[in-house]
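A short worksheet on the structure shown next.
The values are calculated or read from the model by the stated rules, or taken from the named source; none is laboratory data. Small disclaimer: the values here were computed from a predicted structure and weren't measured. We place every Cβ from the backbone using ideal geometry, glycine too, and count neighbours over all the protein chains shown.
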């Protein structure tokens, strides 16, 4: 020691910080925030849309929903990656479904056109069609079921004549079904009488006189006359309905309407005023033919032109 009482050896300086303890761990990194539910939803919906994009309608709805969810997810801090993936998948699904819809619409429209063309062509060949059709001539018009075939030449139509046919087939039970093919089991025929003919048949120029003349030969040839004189109206003009019990096989009803038009018509075959409408309906034609409705429809829809 020196005289001053201090140690002759220098003392080491104290450390600025205490030494590290044995076995100490480094600090933990900050935990990543969890992925938001919006991003997960965007990914799930986008993936589902991508898989189902070919389903018309469903793929489009899922794709649009995925696009919305993807955009919302991208705007968040924790869902950008999932949001971008979901957005891309949804966009692909949407485009795929739009193409699928266009292709489907093309084939549907083409099929509809083919069906319509087939029905029109089938009607000419005897195919059954639903609804009603209007029979139009220069003298009159009326409505009947569309399943009745109307193939009369234009020359006959110009002469104010009409003929519609019920084509059908027999069932094993012997019933007639109006199928549009097979054989003719019923007709609706309108025959105009030229003035010289009607004047000779009914000199008194009355509907009753014409019916009496028809009852001599024409009406009995169709079957047993049940009701000869039954007054009716055709477009506000008095006419007569004769009901006949048909003796023809597979025929249920035969009726004859005798009508005198309010005016003389100049048809292609000359002037006419009297018309004889013969209605022959098939027997037990099921739901496709209703005798009373068809006859009532013809009478109620008749219009003098």
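Please find, within the stretch 93-131, the residue that is modelled with the lowest pLDDT out of those that are in a helix (DSSP H, G or I) and surrounded by 17 or more Cβ atoms within 10 Å (Cβ to Cβ). Step by step, filter the stretch 93-131, then rank; the result is 123.
Regarding the stretch 212-233, can at least one residue be identified that is buried (at least 18 other Cβ atoms within 10 Å of the Cβ), more than 41 Å from the chain's Cα centre (by Cα) and not in a strand (DSSP E or B)? Within the stretch 212-233, one or more residues are buried (at least 18 other Cβ atoms within 10 Å of the Cβ), more than 41 Å from the chain's Cα centre (by Cα) and not in a strand (DSSP E or B). Checked against (1) modelled with pLDDT under 80; (2) under 36 Å from the mean Cα position of the chain (by Cα), residue 140 passes all but a single condition, namely (1).
Could you identify the single residue in 207, 237, 211, 256 that is within 26 Å of residue 155 (Cα to Cα) and in contact (Cβ under 8 Å) with a residue 24 or more places away in the chain? The conditions single out 256.
Can you tell me which residue among 73, 65 is surrounded by 16 or more Cβ atoms within 10 Å (Cβ to Cβ), in a helix (DSSP H, G or I) and at pLDDT 80 or above? After ruling out the rest, the residue left standing is 65. The residues of the stretch 207-223 include none that are modelled with pLDDT under 95 and closer than 21 Å to residue 139 by Cα. The residue list 250, 185 contains one member that is modelled with pLDDT under 85 and crowded, with 18+ Cβ neighbours inside 10 Å, which is 185.
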